[in-house]
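The values are calculated or read from the model by the stated rules, or taken from the named source; none is laboratory data. Worth saying up front: this structure is predicted, and the values here are computed from it rather than measured. Methodologically, a virtual Cβ is constructed for each residue, glycine included, from the backbone with ideal geometry; neighbour enumeration extends over all protein chains shown.
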């Protein structure tokens, strides 16, 4: 009895002592805090809990619980982080001697589960792919609102939209210093933007319909055909079943540009979903800031309708069908040009009407088989001054894909065929003065084997064979090797070949515009390329909640029979022939990503060494920069609803085409930069208002140059005099011996402008 009584007294003393200690802690402002960390299903053991202001941290136990003793009372920011999850940052106030902070829910880092399609023709984890694929979300494209994809991707490292004409403002996409025709553009994995659409197709893709953009730098001919030489851009559109019920993206600029993306989705029945997207863009405000009597930017009216269906069959097989229609009316030229002057020789203008219709579909037939198909009908009616260019193109494509896992071997194979029909009013489709449209079938077969050698090692071997009616059997092999040093560190080595047949008139508008004569010196043989690419990727997580990513790459591409426009041999001509030698494109790039809460930064830099070697001469092609930088930074401001986006690029010098020794324009471009600011306010989960400024530095190619367009005062060369050998003579009216030429352009001539807009999204 005595023992029990003593034990009770002991317990009383301990309780009173603990109460007294806690009372003293409360007087001096100290607290014991605890909390729990989970993923919503189970606790996370080993998660880092860190208080930055007092440099105090710890980890959770097996039950996901953390406890801190003797923590001073007050307001704190606590950062919870764990590998594979997005960090959570929360501001809280500790005011009790014992305080339970509750549960902290961590969400999985989506970047670790980024599903890519382009490198393997199947959905795979980005880090598991042997082929390095970059992924860009709609949020990235919205950091600098753009009316089309052509402008939206200009802040991606190694990607540069090239303006090819000062008057019509057509352009293409350069990857790692290679010309636009080397870039293969797909929509939902289907080759859509090629041939006739290579200089227009990207302008007609509204960003509002994009789920993500996948980019491969380097050859991908094994899966996508021999012409995917420099790299590819795969635009993945939204899935109807996961799209908002209604969304809109509307904005305008101080230059009186207006763009609107509208869309809505819904169920047709229990198995079929529908997504409709409408895009309209209008710019009808001729501006001539450089005072050459020509429009600085092409006037445009564009309308695009996108309709997509997705369904699930009774056998749980998924399928999709997308339809897209595009109409565009653009013109540039002398300020007083009107449609009545179209095709005339009194007032110079370049007028282009484009109509385009696309069908894109896919159907899963089984776990192993899938069929994909597309059809494109493209019509262009255009005048470049008094020269007409009218063209029609029809392309049909179908392929069957087979997948099979056999032990350590992941097989991927397929059969494809492509039908192409093309007709225009140029010598390209004439034989002995008679019209002769080009058409051909291009059947192909491909097979790849991805072999898991060891737990962290993969080997990729692939081969594609295409039967070309003019050039016979075309073989495009590729090989790749990947090693994972750990879950977030890997090295990839890839090599492959490419084969490209060139169509001058559809790929290069320098051949159509201006007064230079077009000279094709020989029957052009196809280009052949050989590429090797080394890629290193590292992702890390810090104890303070930062997610850091580093990607570095080296590449070397060797060309034989390369075809490039020659602006140098004769300043009055653009000459095309096969290179009697070889060409090289090589370089390196570095991308750095940093994420902390709502702060995100992407910074990239590339160094390019591009040249041709012919007759023991090394020449750098025109319109090829020596180096470049890009950045895209997002940061919250005073609160989480207010955000600042800062995007920009910086380019080193590139050689430009001059018209002779007397041409006063600079031979090389200066170091130049386009920078943008955007302020946005998220009212709630549905509404987002934004304002900002484009081209903050007000830079244009016209700066520090006497003119951009040569002989803009005489676009039909009425006062140009030639000597007996066809060379332009210098005269009092033409002291620099020039002819009309708008090809001296490498970036938009559009200066600073302000924008305002709003986004609205209504969830399912």
Legend entry - Check on residue 428, surrounded by 14 or more Cβ atoms within 10 Å (Cβ to Cβ), farther than 19 Å from residue 401 by Cα and at pLDDT below 90: yes
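Pick out, from segment 40-147, the strands (runs of 3 or more DSSP E) lying fully within it that include 1 or more residues that are modelled with pLDDT of 80 or more and closer than 30 Å to residue 281 by Cβ. Let's see the steps before the verdict.
On the way: elements: 48-51, 56-59, 65-72, 74-81, 88-94, 98-105, 134-136.
Where strands (runs of 3 or more DSSP E) fall fully within segment 40-147 and carry at least 1 residues being modelled with pLDDT of 80 or more and closer than 30 Å to residue 281 by Cβ, they are 134-136.
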Legend entry - In segment 667-691, the residues that are part of a strand (DSSP E or B) and free of Cβ contacts under 8 Å to residues at least 24 places away in the same chain: 668
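Just name the residue that is surrounded by the fewest Cβ atoms within 10 Å (Cβ to Cβ) out of those in segment 484-505 that are part of a strand (DSSP E or B), touching a strand residue (DSSP E or B) at 6+ places or on another chain (Cβ under 8 Å) and modelled with pLDDT under 90.
Of all residues in segment 484-505, those part of a strand (DSSP E or B) come to 484-486, 489-500.
Add one more test, that the residue is touching a strand residue (DSSP E or B) at 6+ places or on another chain (Cβ under 8 Å), and what stays is 484-485, 489-500.
Going one step further and asking which of them are modelled with pLDDT under 90, we end up with 496-500.
On the way: 496: 25, 497: 20, 498: 27, 499: 23, 500: 23.
For segment 484-505, the residue satisfying everything is 497.
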Inset, instruction - Report, by residue number, each residue of segment 225-280 that is part of a loop (DSSP other than H, G, I, E, B) and under 30 Å from residue 413 (Cα atoms). - result: 225, 226, 227, 228, 229, 230, 238, 239, 271
Inset, instruction - Could you tell me whether segment 671-679 includes any residue that is surrounded by fewer than 16 Cβ atoms within 10 Å (Cβ to Cβ), modelled with pLDDT of 95 or more, over 20 Å from residue 157 (Cα atoms) and more than 22 Å from the chain's Cα centre (by Cα)? - result: yes
Inset, instruction - Among the residues of segment 702-735, write down those that are within 16 Å of residue 664 (Cβ to Cβ), modelled with pLDDT of 90 or more and in contact with a strand residue (DSSP E or B) (Cβ under 8 Å, 6 or more places away or on another chain). - result: 709, 710, 711, 712, 734
